[in-house]
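The values are calculated or read from the model by the stated rules, or taken from the named source; none is laboratory data. Given the structure is predicted, the values throughout are model-derived calculations rather than measurements. For the accessible areas, the whole protein counts, side chains as well, though only heavy atoms, and no ligand, DNA or RNA atoms are used. Shrake-Rupley method; radii C 1.70, N 1.55, O 1.52, S 1.80 Å.
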Amino acid sequence: MKMPAQIWLYRITHIANLEHDLLHGLHTANSPKANPDYLQIGDSTLITCRKDIAAPIPPGGTLADYIPFYLGPRSPMLYQIASGWEDIEKHPQDNIIYYISSIDQIKSAGLKYFFTDGHGRSRTSTSYTDDQDLQKLDWNAIYATNWKSDQTDLRRKEKKQAEFFVKEHVPLSCIKHIGVYNKIVEQKVISLISANQLTIPVRISPQKLYYDHL
C-alpha cells in the first residue's frame, strides 16, 4: 500500500469525555484546561510511563506533553478495550468514539508534532519530525485488519500502532469528523454538538473503525 494522499489521524476516547472536549478542545493531562473528570480507557501503565519517555528535540519534552493519535483505525488498543484482553478494563465499543483529524489540519493550525513508525513506547520504534519520512512508515501494517505479528513480520503489531503526537493541545477546529459505532451513539453525539452550537460531521462506521464479533 502506498502512503495515502490524505493522511488521517485517529484518537479514541470514552463518550463521557466528549462534552468537556467540545468546550475546550483536547489537552494533555498536565494542562490547566485538562478535564478533571476525564474517564480513562486503555492501558493505565502506558499512560503513566509516557512521562518518562523523551520526545525528539525539537519539539522536545516527554510523551506526556503530547496528544497521541494513531495513523490508522482499529488499533490493537481498541481491541483490548472492547474485549478486556490482557486485563485491560473492558468497555463496549458503542461507548468509544473517534476524534478524526488529519496531518494537513494539524499543520494548518501551526501545531508542533512528531510521529513514529511503531508504538511510541517501543524501543524498536523510530521517531521522525520530517514529513518526508512518512514514506518510511509501513502503511500496509497501519491499515491492516489482521495485525498479529508472525514469522513473516515480527513487528506487524507494533507498526500497526504507529503514532502521531501533537504537542500540548489540539483545538476543536482540527477535528474534522467524529466516528461512532451506531445510530444511537450518533444521536447522542449530535445532540451534544448542537447544544454547544457547533458543526462537526458525525459518521457511523462500524466496519472501518470498529471490531466485529467481539
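Assign one of three labels to the chain, namely rounded, prolate or oblate, based on the Cα gyration tensor with a ≥ b ≥ c the square roots of its eigenvalues; rounded applies when a/c is under 1.5, prolate when it is not and a/b is larger than b/c, and oblate otherwise. The shape class here is rounded.
Each residue of the range 102-201 gets 133 Å³ once the volume of the Cα convex hull is shared out per residue.
From the Cα gyration tensor of the range 75-133, with a ≥ b ≥ c the square roots of its eigenvalues, which class applies: rounded if a/c is under 1.5, or else prolate if a/b is larger than b/c, or else oblate? Oblate, since a/c reaches 1.5 and b/c is not below a/b. Note on residue 211 and residue 183: the extension gain reaches 8.4 nm, defined as 0.36 nm multiplied by sequence separation minus the Cα-Cα distance. In the chain, Cα pairs under 8 Å separated by at least six residues give a relative contact order of 27 percent.
Based on protein heavy atoms only, the range 139-214 ends up with 56 Å² per residue of surface accessible to a 1.4 Å probe.
Using a 1.4 Å probe over the heavy atoms of the protein chains, calculate the carbon and sulfur portion of the accessible area of the chain as a whole percent. Exposed carbon and sulfur together represent 49 percent of the surface. Measuring how big the range 1-68 is from its alpha-carbon positions, Rg and Dmax come out at 14.2, 41 Å.
The order of 89, 158, 163 by accessible area, most exposed first and with a 1.4 Å probe, is 89, 158, 163. A viscosity of 1.306 mPa s and a temperature of 10 °C, combined with the Kirkwood radius over Cα pairs in Stokes-Einstein, give a translational diffusion coefficient for the range 36-114 of 109 µm²/s.
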